[in-house]
Structure formats: C-alpha cells, structure tokens
Amino acid sequence: MFELADRFSGALLGTHVGDALGMPVEGYSPHYIRSSFGEVREMLEARLGAGTYTDDTEMMIAVAESLVRKRGFDGEDMAQSFLENFDPRRGYGAGTVSALKLIRSGVRWDLAGSRVFEGGSYGNGSAMRIAPVGCLYHHDLQKLKEVAFASSSITHAHSHGKEGAALQACAVALAVRSGPGRGLDVKEYLAAIKQFLDPGSVYRAKLQLVEELLQGKAPFDEVVQELGHDSRALYSVPTAIYSFLRHHEDFEEALVYAVGLGGDTDTIAAMAGAIAGGYHGKKAIPVRWLQALERGPKGANYIEELALKLCRLHREIVSP
Ligand SMILES: [Mg+2]
C-alpha cells in the first residue's frame, strides 16, 4: 500500500525534477551541453531560479488537480484547471497558448485543440503532463488510453499528439506496475507497450528503433538522429522511454542521460523522470534534487500531496 503511494509521488515529482534539471540547457545540442556544462547533474541557475519548473510541471499539476476534484476525467474541468494554473512566465508553447485563449473565449474544451493548427498540434505538450493519468489508471490500460486521448485533445488534437500522450501514460503505468523489487524485463516492457499501441500507429517503428538502439548502447548522436529530441511528440516520447530503459537501474542516471541528449531537454527529462519515478518511487530521487525543487504554494510538497490524493482515488476506483 505504502509502496504504491511512493511510486505515484515518484512519477509526479519525477516530472518536476526532470523539468527543472533540463530547462536551463533547453534548445542546446548534446555537444554544446557537454563542452559547456559537462554532465548536467545539478540544478543549474535558471530564469526563475535553480530548481524551478516550467509549463510541463504546471500543466501536470492542473491534470492531477482536475482528476482528484472530479474523481476522474472531466474535460471541461481540466480545461478550466489549465486556465487557472496558467502562468506565462513558465514558458508555454504557442499552440497551447492559442488553445487556452480559445477556451477562455468560450470555445468548448473538445473543440479548441483542433482549431489551433490544421489537424491539431502534434507537439509533446499533452504527453509531458500525463503522469497523473498513467498513475491513476495503471491497472486499466483501455481506460488510460481513452483518458489520455481526451485530455490531449484539449490542446493537442493531432493523432500524433494524442497517441504520444497515451504512449507516455502507458510507459508510466507499466513502470508503476513493475517496480524495482521485481526487476525490469526490458523486452517484456517494450512488448507490452507495442501491444498497447494501435496496429497502425506510427509509434510502432519508433519503439522498434528503441529496442535496436538499446542493444548496441548507441552513442548520443545516433540516438538523437534516430529518435529525435525536439518538441514533436513522435520525436520525443520514444526518446524519453529510451532514456529510462537505458538506465532503468538508476533514477539519477536516466535523467542525466535524458538531459545530455539536448534539444527539448526539459520535456524529455520530465517524461523520463515521470517513468523512472513511477518505477523507482520517490525514495530513489536524489535528496539534493528534491531539496532544490520549488517550495511555493504549488511546489514540491503540494505535488506530493496531489500524488497521495491520486493514490487514494486509485484505490477507491479499484475497490469501490
Ligand atoms: Mg517546458
């Protein structure tokens, strides 16, 4: 019982930790990061201060608050939750800002996302915030997929965006289910993810690449070239899963690795942090990182409280 709550906390705090660790080097190449900073193992100085979070964590908080408040998914409430939490200083993507403006102007939550770009956004903005969905529905992957798709469509309505969010939620869910005590069978984990994906999903080929790259312990450049490291969901969610799997024995190493890949570092590390945190639990997050996190009204303590509420809700859903 206690163990599960620790994993929920790990997934939510893991998002914050990865976001904060990656943000100061966002947009840089792996080479530039290595030559200028070496390995990023400490919270570097950032625009809002070392250890602060960006839109990734702010939106993850909004998702968790809404799930807890409504005891499950409610699109209208989640959209309002995004608006209530919105702080432009956190560095939101242009597509998300446009979708939230539409919602504020009265457009329905399930219509705004498809009006942002032609066909909707395929960015990773709905995958980066999905950890609470992965935790809450880790026992029921069908329900998880439904909620991931619907929650994504509020801002990211393109199929790549929705599938990316569902894939990331599934990666978190399987990590929460596995747990380090039982050890991780990487082949089994990847097989379960592939089974989860729709037969025609474009993510299938990426998962195949993840498997191949893991076998050869590929260098940074090859990983970036094959999997990508930008803000499109298709070119970042598999990268985060790869980072976790490459260092599944150690939370810290998985995140340092994810940040070292460069590009959309805050989001890739936030997603890798959610998976690794769900797997290892909060107890595996380095104390120096936890101590560096935000302590404001919606800081690390608040995020942990949300994780515990989410865990209570999960138990009530599973055995009413
Ligand atoms: Mg961000």
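Considering only residues that are more than 16 Å from the ligand (Cβ to nearest atom), of a type in the set (Val, Ile, Thr) and within 12 Å of the chain's Cα centre (by Cα), which ones fall in region 241-276?
ILE241, ILE275
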In region 289-312, what residues are assigned to a loop (DSSP other than H, G, I, E, B), closer than 12 Å to THR57 by Cα and in contact with a helix residue (DSSP H, G or I) (Cβ under 8 Å, 6 or more places away or on another chain)?
LEU293, GLU294, LYS298
Unmet requirement for LYS145, which otherwise passes all of (1) within 18 Å of the chain's Cα centre (by Cα); (2) surrounded by fewer than 24 Cβ atoms within 10 Å (Cβ to Cβ); (3) modelled with pLDDT of 95 or more; (4) within 16 Å of the ligand (Cβ to nearest atom):
(4)
Would you mind stating whether GLY164 is in contact (Cβ under 8 Å) with a residue 40 or more places away in the chain and of a type in the set (Gly, Ala, Ser)?
yes
Residue in region 17-29 that is under 12 Å from ILE154 (Cα atoms), assigned to a helix (DSSP H, G or I) and touching a Gly at 6+ places or on another chain (Cβ under 9 Å) present:
no
State yes or no: is ALA50 at pLDDT 95 or above, outside any loop (DSSP other than H, G, I, E, B) and either surrounded by fewer than 18 Cβ atoms within 10 Å (Cβ to Cβ) or among the small types (Gly, Ala, Ser) (or both)?
no
So, in region 286-314, exactly how many residues are touching a residue at least 12 places away in the same chain (Cβ under 8 Å), away from the ligand (no atom under 16 Å from the Cβ) and more than 19 Å from GLN168 (Cβ to Cβ)?
12
Residues to consider are GLY14, GLY38, GLY18; find the one that is surrounded by fewer than 24 Cβ atoms within 10 Å (Cβ to Cβ) and out of contact with any His (no Cβ under 8 Å at 6 or more places or on another chain).
GLY38
Meets criteria (β-branched (Val, Ile, Thr) and touching a residue at least 12 places away in the same chain (Cβ under 8 Å)) for VAL68
yes
In region 102-132, which residues are part of a helix (DSSP H, G or I), touching a Lys or Arg at 6+ places or on another chain (Cβ under 9 Å) and either β-branched (Val, Ile, Thr) or free of Cβ contacts under 8 Å to residues at least 24 places away in the same chain (or both)?
LEU102
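The values are calculated or read from the model by the stated rules, or taken from the named source; none is laboratory data. The shown structure was predicted, so the numbers you read here are calculated from the model rather than taken from an experiment. A quick note on method: Cβ atoms are made from the backbone with ideal geometry, for glycine too, and the neighbour counts reach across all protein chains shown.
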